[in-house]
1. Pull up the cross-link candidates among the lysines for A:Lys65, meaning alpha carbon to alpha carbon under 21 Å and not fewer than 8 places away within one chain.
2. Between the DSSP loop rule and a limit of at most 12 other Cβ atoms within 10 Å, which chymotrypsin sites (Phe, Trp or Tyr not before Pro) in segment A:1-95 are left?
3. Do any GluC sites (Glu not before Pro) in segment A:1-109 lie in a DSSP loop with no more than 15 other beta carbon atoms within 10 Å, and if so, which?
4. Points 7 angstrom from Cα along the Cβ direction at A:Arg79 and C:Val103: gap in nanometres?
5. Based on the alpha carbon coordinates of segment B:2-205, what radius of gyration and maximum Cα-Cα distance (Dmax) apply, in Å?
6. Take the Cα atoms of segment C:122-238, find their three principal axes, and give me the spread along each one in whole Å, biggest first.
7. Using the charge dipole of the protein assembly as shown (Lys, Arg: +1 at Cβ; Asp, Glu: -1 at Cβ; taken about the Cα centre), state which of B:Leu200, A:Gly38, C:Thr71 has its Cα farthest towards the positive end.
8. For peptide A:56-67, how many partner chain Cβ atoms fall within 10 Å of a residue's Cβ, on average?
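Bear in mind these aren't lab numbers, they're just calculated from the coordinates by the rules spelled out. This one's a predicted model, so the numbers in the text were calculated from it and none came from an experiment. Cβ: placed from backbone, ideal geometry, glycine included. Neighbour counts: every protein chain shown.
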Amino acid sequence: MGLIGPNGAGKTTVFNLVTGFVRPSSGEVRLAGESIAGKKPHAIARKGVARTFQIVKPFARLSVKENVTLAAFLRHRSRPEAEDAAGALLERLGLGGRGEKLAMELNLMDQKRLEMARALATGPRVLLLDEPMGGLNPSEVGAASELVEAIRRGGVTVVLVEHVMKAIMRISDRVLVMHHGERIAEGAPADVVKDPAVVEAYFGHGAA
Amino acid sequence: MGALYAMIGIGLTIVFGVMRIINLAHGEMVMAGMFAAYLGQKHWGLDPFLSILLWAPVLFLAGVALYRFLLARVLPGGELNTLLYTAGLSLLIANAALLLFSGDYRTLTLGYAIVPLRPFGIAIPVALAIGFALAVAITTALWLFLGRTDLGRAIRATSQNREAAILMGIDVDRVAAVSFGLGTALAGAAGVLLAPSLYLYPTVGELVIVKAFVIVVLGGLGSVPGAVAGGLLLGTVESLGAVYVSSTYKDGLGYVLFLLVLLYRPSGIFGVGRS
Amino acid sequence: MKGRGALAAGGVALLAAAGLPLVVHNSFVLHLCILVFLWATLGEAWNVLGGFAGQVSFGHAALFGLGAYATAILYLRAEVAPWWGIPLGGLAAAAVSVPTGLVAFRLRGPYFSLATLAVAELMKLVALNWEWATNGPTGFLITSLPPLHLLGLPMDWEAKAPFYLAALAMMGLAMGTVAALSSSRLGAYLVAIRENEDAAEAVGIDTVRAKVVTLALSGFLTGIAGGFYVLYFRYIDPDAVLNLGISMEMVFIAVVGGLGTVLGPLVGALCLTFAGETVRERFGAGHLIFYGLFMMLVIRFLPEGIWGRASKLIDRLSPKEARPGAPRG
């Protein structure tokens, strides 16, 4: 599912609420019917909700492999198992040969791959991606889109916050539009794009 | 007392605002001021209060030199490293003083300060009164400096947004040097003003730095008015505490207040700092 | 150095060190060694929290003093022998550190450090004023230690040897703990927390629990060091065991030696103690001047600490040694 909206609409805040980095002052957050509002982030991660950050937060001075291994510890108790799982994920996400490099040595695209690999290592049911394509050039955007689709094919539900319209429209099954902290439209990409409220939110009054 | 605390706090907070470092050696600078005043009186017969005119610029230059030669190289290493570096500096200065002066307590006596003043029936020691007056004067002068002069504005700008300041053509490095010098001078000046009223010993810096932190956090790290308020607040709390609770616990009150503020309002009671 | 080889080497070194008092009888040298072991232990203890988890505490003196006072009070008031009192002191320190940590860990970075400072100062005030518990500024003086027989030999509490061995054992324990930590899952989690706490939370690491457990561990080690202090120096008062200087010295030893390493604090303790005590003998005061100097030099030129840098150099050199076919142990 794609989550879009003009800047300041509250998209990252939604992520923060869902993943436990911000406590809701009212209302509910539910995962498969179970309430997770107000829980700590690590507890929510254990329940199967993983996220990436808009500004990547790698464990800078650790190796790429160690970054992912740490996340894999959530599902694998022993170090050898976790390292194996990490290695496999790195391959899947195109970081195969770079396991021993320090996270801070990677370029932006690879850091974003690392961010995704780490999130996936926790074995989530739902993956929240916060503007993964920010700062990438067009060919990298294409690669990132394919990555997201591959993750989806792996059975993980993906919620994607993005500004790169082409990508979101292409890969989303459903799109939800936010404006000023509220939902203003929801549906198939083609429908949402034509919704006058959405056009107004993006282009201003009178453009619809 | 509060005004003097405020001076110390302002120095620390300016340094933090501009350079984002907590200068653990700040206490030692106050100590340096105290000893400078003491030596000035002992060897040259200088009246401590007048000697501020001499020591303040000297300490300012010392501060700038410290920054240029020592600190500037360490800053890129990050906040933690710089913090530890200033911790090392503080030990170095304090212990150098110990080696030079020995740990004996000394006092500075003023011929004209024996009989306390008694305005409104409250006894105020003369030295403290003069110190207070001068502190207020200095703080006001500083306030005018920060508000009216270009350099002052540059300092405030840099402390609010370093990158924007660079873009505006402000020589951030020079501002940092000046700020550090200013912080040192303020600390030293406060020391000079305090010298006639307290016992002098080389490790007094330890005591001072803890209080300075309390003040600065109370008012909000980086905020000058906050430091003033924090200083006055701490001074008042301590004095009242000494009278109503018990003189031994008065320090403790400050710490408890400090912890409470840290936990519940990290940006300072006046909410002007950064959390 | 990794794995079994390192453990074996460590064991041998400890045994060798244990034999020192048989050969060296110079009391000052043994005293220095005891101090080195004591400070190395404290450095290791601080390192657990500061080097691995990245939480810089300026208040560890509180834990040290707590352990010291606990041991003293248990011995002098409740007649609990110090060899039980010391571990109990450690436990007391660990126990107190848990609620403190739960509260203090809500703060991050420099705010956390300042809070630890305030807590330690508060504890000193409490010790100064709760005379019914701690004798206030007078402190405690231990005049005699209970008799103990080890392997059939009576312990001579006037000699340095028993204390040397005790300190060595204590340091061994501390280093062993740190070594175990560094290769454990908790250790890896701590490093993650140090690098990026939000990301650590996001991958399922319970950061609060990890930090509190680490603090308790650190507290325990610091506490037993405090207990040892009482046993060896036989006198404590708030200024001796609860002052800011002790907290800072711990920080210095860990940083100068090498944060996050097992041998670092030992190296740090060696440098600083030898330099410091020599100054103290000659000048009487101001021995900490070396601490300040070393600290500044290290931060400026060797931010990973003396051993930190040395071990990196060794790592870079060793693959070349291993290549000529000989397998490493």
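1. Candidates past the 8-residue exclusion: A:Lys57, A:Lys101, A:Lys112, C:Lys2, C:Lys312.
2. Numbers: sites: A:Phe15, A:Phe21, A:Phe53, A:Phe59, A:Phe73; in loops: A:Phe21, A:Phe53, A:Phe59, A:Phe73.
Counting only loop positions with at most 12 other Cβ atoms within 10 Å, none of the chymotrypsin sites (Phe, Trp or Tyr not before Pro) in segment A:1-95 qualifies.
3. Values: sites: A:Glu28, A:Glu34, A:Glu66, A:Glu81, A:Glu83, A:Glu91, A:Glu100, A:Glu105; in loops: A:Glu28, A:Glu100.
Hits after loop and neighbour filter: A:Glu28, A:Glu100.
4. About 3.7 nm separates the two model spin labels.
5. 17.6, 56
6. In descending order, the Cα extents are 55, 42, 16 Å.
7. A:Gly38
8. On the way: counts 2, 7, 3, 10, 3, 4, 6, 0, 0, 0, 4, 5.
Mean partner-chain Cβ count within 10 Å for A:56-67: 4.
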